[in-house]
Each structure stands twice: as structure tokens, then as C-alpha cells.
């Protein structure tokens with residue numbers, strides 16, 4: 001009996017160790033990768049109904065995860081949409097509300113035209129700041145678009161630990177487009193040998209994935225946040241190979257556009273494969289989205305880029321702001337789901353903070369949808385969604401209803417988006433009480449901005 005008595009504490013001790021180790025594993029915070037496409041329409045992906053463009057790797061993220069069918073971007077154009085994503089605020093509250101500003105900001109040139117741009121301010125709390133304060137290593141790869149003409153407002157100045165990409169304030173850091181000869185590596189502008197002297201040796205999407213993999217390999221012992229912001233499929237459309245569309249009946253623009261998306265899908269597949277090989281895949285959340293709808297330069301009709309929705313990039317109809325949104329988290333989020341819940345970019349910050357056990361700043365507009373992702377019931381629809389292009393366009397959605405005006409001085413239009421997702425029938429005269437109720441939300445949601453002064457403010 002004596003040996004048995006000695007064995008029991010040892011057994012209990014081993015059990016205790018196993019339980020602690022198991023608990024540690026269960027409570028481990030996930031790595032987070034947010035992949036953002038640029039000007040990709042709601043209908044550009046096979047998993048969102050495209051019959052021509054091949055996107056098998058993104059499709060697998062959707063089939064093994066959650067595909068949202070009612071996600072809205074922060075805006076219908078790049079800078080304000082990304083500002084909304086990064087700060088958890090809608091464009092009635094964001095520092096950046098358009099690509100260009102009417103006053104304030106800093107002056108510069110777009111081509112030969114003098115313009116002004118606004119930049120993200122030091123007191124703007126970003127996702128990187130929030131996750132970094134919780135112990136995450138943070139990195140932006142490729143497109144920032146929050147610096148305006150201020151080189152002191154780069155990613156490293158707004159919460160990110162590492163940065164590999166280009167800035168608006170340093171125009172030659174992304175020239176030529178898709179095959180850059182120069183690129184920021186943190187604060188140093190370095191030559192890309194493969195693209196030097198107008199050579200097209202390495203595509204921007206491949207370069208971005210290489211840099212992403214390098215960041216992951218150097219930080220895999222810590223929880224990390226990677227914000228991978230591709231340029232694809234923003235114009236101008238450059239790519240060396242048109243495979244697999246070389247012999248297709250598509251127009252030249254259609255071939256280039258489709259090739260850019262498929263090539264980037266292949267790059268994403270390479271990133272996912274690396275996560276698998278390094279044993280990080282099961283503990284990594286991957287989110288895929290686009291910053292706004294398809295642009296006027298895109299083959300909108302030929303490829304049905306915006307899935308038949310009215311409008312496009314730069315316009316607050318559904319085609320400008322409704323975007324693909326996919327969440328994949330192996331063994332934690334049930335795959336094969338399609339969700340109709342209304343969500344939008346301001347929800348990203350609080351959701352990721354929830355996963356990271358991080359503290360949020362005050363006065364954000366989004367909500368955490370972690371409960372929804374965890375398979376619990378959550379009402380995300382019955383709240384106010386707000387967008388504005390200062391002085392020109394405004395939109396509000398609440399439940400089934402949406403009001404929108406896309407031209408200065410025009411009357412607000414009213415649509416039942418649930419019954420009329422393509423915004424064909426204006427119901428403003430039929431339901432004036434609904435219109436009036438939503439119109440009140442405009443005044444509640446808009447805060448005056450010195451950079452975009454509106455008449456009367």
C-alpha cells in the first residue's frame with residue numbers, strides 16, 4: 001500500500017499540470033490577419049456569385065468560415081473607409097471623410113492639380129494601438145492611405161510596430177503601380193531590385209505576401225495582428241500574365257482585371273499554406289473584405305463586379321458600400337455559414353479587441369460581433385448605420401430601411417433594402433413618416449469637421 005500512497009500525489013500533480021496546460025491552450029489569444037482588397041466589388045468573387053473570376057483560396061476561407069451578405073464598408077471611397085475601419089467610427093465622426101478635403105489638411109498635388117488631403121491625427125486611436133496595448137505585435141503591409149500629404153502620419157506614428165509598403169505623402173514609393181521600384185521598410189525607403197529601371201520582376205501582391213510571411217516568422221512566438229492591404233484590383237490594371245484568362249472571350253480590361261484578382265488569390269493561398277506549415281493556422285483569425293465597391297474603370301457590366309447593385313465606388317448606393325466580408329477561424333468558428341446580419345467596418349475594432357482582451361477607446365460607433373461569430377444570437381440590425389461625403393452625399397440605414405442622397409441639393413430617397421436591395425423603387429412619398437424618422441438620424445450622427453465645412457456650420 002505504501003507505494004500506492006506515494007503514487008496518488010504524483011498522479012494528481014500530473015493531472016494538475018495537464019489541466020493547467022490545457023487551460024492555457026484554451027485561453028490563448030488568436031493571431032489576427034485582416035486582408036483588405038482595394039475597389040473589389042461585392043460580385044467579384046466566385047463565393048459571392050461571380051461566374052468568371054477564379055478565386056479558390058478566398059472561396060475556401062468562405063466555405064470553411066462565415067460569409068456575410070450584408071456587410072457595409074466605412075465609406076464608398078478609400079481613405080474614409082479605411083479610417084472608419086481603423087478607428088471604429090462612422091464618417092460622421094471620423095477625422096478623414098473623403099480622399100480630398102475642402103479646407104484644412106495639407107496642400108499637395110494630384111498629378112498637376114492642386115488639392116488638399118487630411119491625415120489621421122495623433123489622438124486617433126487605431127486598431128493597432130488597441131491591440132498593441134494588449135501585447136500584440138502589429139504590422140501593416142502595403143497600402144496605408146491615412147497620411148494625406150503628411151509623412152509624419154505614417155503607420156509607425158499611429159500604432160503599428162512594423163510597416164512595409166507605400167505612402168501617399170511619398171508618391172514614388174508606389175511607382176510604377178503594381179511593380180514598385182521603391183518601398184518603405186519601416187521608415188527607410190528601399191530599392192526593390194527586381195523592379196529597378198522599369199523592370200516588372202515582382203508583383204505588388206507577391207511582394208506583400210513575402211513581407212507578411214517574414215513578419216509572421218519573426219513574431220510567431222507572440223500574438224500578432226497583420227493588416228494586409230492589397231492594391232488589387234484598383235486601376236491602373238498591370239500584370240505580366242493574363243493566365244488563366246489569356247484565351248477567354250473577355251475584353252482586354254476584363255482579362256487584366258480578372259487576372260489581378262486571381263493572381264492575388266493565389267498569393268493569399270501561399271500565405272495560408274505558410275500558416276499551415278508553421279502550425280499557426282488553427283489559432284489565426286483571417287478576415288477578408290474590400291474597402292468599397294467596384295470602380296467606374298472596372299468592367300462593371302462584363303464581370304458583374306457589383307452584383308447588380310445600384311451605384312459604384314464613390315456613390316452611397318449599395319454598389320458603392322456593400323462589400324464582401326469573410327471570417328475564418330478554424331476549430332473556433334463553425335464553417336459553411338452564410339449570415340444576413342447587418343454589420344459594417346466600425347464593428348471590426350471592438351470585435352478584434354474582444355478576441356484580444358483589449359481595452360477600447362471611448363466614443364466609437366461600432367459594436368463587437370464576437371457573440372455572433374461564436375454562434376450565439378445577436379441583434380446587429382436594429383441600430384443606425386451612417387455614411388457621409390461632406391456636403392454632397394449622405395445615407396442612413398436602420399433595419400429594412402435606407403435613406404440616401406447622392407447629389408447636393410437633391411431630396412432624400414427612401415428604400416426598403418430588404419425587399420428592394422437594388423434600390424429601384426423610391427418610397428419617400430409613400431412612407432413620409434419613415435423618411436422623417438431616419439432624417440433625424442443625420443443630425444444626430446453628423447459632427448462638424450473643420451476640414452469639410454458644410455454650409456451653415
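The values are calculated or read from the model by the stated rules, or taken from the named source; none is laboratory data. Quick caveat: nothing in here was measured; it's all calculated off a predicted structure. No Cβ is skipped: glycine too gets one built from the backbone with ideal geometry, and neighbour counts run over all protein chains shown.
Screening the candidates 369, 343, 286 for the property of being free of Cβ contacts under 8 Å to residues at least 40 places away in the same chain, within 17 Å of the chain's Cα centre (by Cα) and over 30 Å from residue 247 (Cβ atoms) yields one hit, 369. Of the strands (runs of 3 or more DSSP E) that lie entirely inside segment 84-200, those containing 1 or more residues that are more than 20 Å from residue 236 (Cα to Cα) and in contact (Cβ under 8 Å) with a residue 24 or more places away in the chain span 106-110, 113-117, 137-143, 162-166, 182-185. Can you tell me which residue within segment 229-262, out of those that are within 18 Å of residue 36 (Cβ to Cβ) and touching a helix residue (DSSP H, G or I) at 6+ places or on another chain (Cβ under 6 Å), is surrounded by the most Cβ atoms within 10 Å (Cβ to Cβ)? This residue is 233.
So that you can scan it fast, the table gives a plain yes or no per residue for (1) surrounded by fewer than 17 Cβ atoms within 10 Å (Cβ to Cβ); (2) within 24 Å of residue 314 (Cα to Cα):
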position: 90; (1), (2): no, yes
position: 103; (1), (2): yes, yes
position: 119; (1), (2): no, yes
position: 122; (1), (2): yes, no
position: 133; (1), (2): yes, no
position: 149; (1), (2): no, yes
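Where strands (runs of 3 or more DSSP E) fall wholly inside segment 338-457, the ranges with 1 or more residues that are over 23 Å from residue 312 (Cβ atoms) are 393-398.
Would you call residue 321 touching a strand residue (DSSP E or B) at 6+ places or on another chain (Cβ under 7 Å), within 27 Å of residue 445 (Cβ to Cβ) and either buried (at least 22 other Cβ atoms within 10 Å of the Cβ) or modelled with pLDDT under 95 (or both)? Spelling it out, residue 321 is indeed touching a strand residue (DSSP E or B) at 6+ places or on another chain (Cβ under 7 Å), within 27 Å of residue 445 (Cβ to Cβ) and either buried (at least 22 other Cβ atoms within 10 Å of the Cβ) or modelled with pLDDT under 95 (or both). Taken across segment 285-307, residues that are part of a loop (DSSP other than H, G, I, E, B) and over 18 Å from residue 43 (Cβ atoms) do not occur at all.
Whether a residue is over 28 Å from residue 332 (Cβ atoms) and in contact with a strand residue (DSSP E or B) (Cβ under 9 Å, 6 or more places away or on another chain) was assessed, and residue 84 does not pass this test.
Condition first: in a helix (DSSP H, G or I) and either touching a residue at least 24 places away in the same chain (Cβ under 8 Å) or at positive phi (or both). Now tell me which residues in segment 229-266 satisfy that. Within segment 229-266, 253, 254, 257, 258, 260, 261, 262, 263, 264, 265, 266 meet the criteria.
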